[in-house]
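Heads up: the structure comes next, in structure tokens.
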């Protein structure tokens, strides 16, 4: 298995631009999570999906952030418009519902907004 | 909701010395407990997990952790640290039946030659 795949690995964009981060979970996993990691705030859960349905988006910082999971093998996290304070590493993770066997994390997308 | 505290932000140990990283959790029922390791520029990798049964669990890379319900702790240990163990370590707590996992703030481990 290739693991959780995130793209791009690095993204540099200008303030005000739209940014789309992508994630492909492990095949067979039906829960998907988006996290943001910064030095100041550590690892924050932004949103998670069970069976492609958003379950808890209380961690999404504001309306500029949106996430979708159109099918079991793909999810996106979009920021529009982006701001410098959105600069962080964004991780996607997946697992199987109910087993709580631990998450498998992707390698992350390092986002820099200038 | 569950929560996790890692009291030590940064720990330095000499190569070959023993290691213990502390983790305290808060949860009203039996928790699911995890330790993850993050090397620079990488995602988090699962080291070990505890669900039930034997309170001493073995993980990858020679790590082990002990669940102590009376102390609400799940400390990570390794008898002899290698330079390659330098990384950030995260403790996490989950609840049975759902996937909402909470992470601690992490402990950065530095290994001196």
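The values are calculated or read from the model by the stated rules, or taken from the named source; none is laboratory data. Just so it is clear, the structure is predicted and the values come from calculations on it, not from any experiment. Cβ: placed from backbone, ideal geometry, glycine included. Neighbour counts: every protein chain shown.
General observations
- Of all the listed residues (B:28, B:53, B:41), the sole one being surrounded by fewer than 16 Cβ atoms within 10 Å (Cβ to Cβ), within 14 Å of chain A (Cβ to nearest Cβ) and free of Cβ contacts under 8 Å to residues at least 12 places away in the same chain is B:41.
- In segment B:85-111, the residues that are outside any loop (DSSP other than H, G, I, E, B), more than 8 Å from chain A (Cβ to nearest Cβ) and modelled with pLDDT of 95 or more: B:85, B:87, B:88, B:89, B:91, B:107, B:108, B:109, B:110, B:111
- Scanning segment A:16-26 turns up no residue that is in contact (Cβ under 8 Å) with a residue 40 or more places away in the chain and closer than 29 Å to residue B:9 by Cα.
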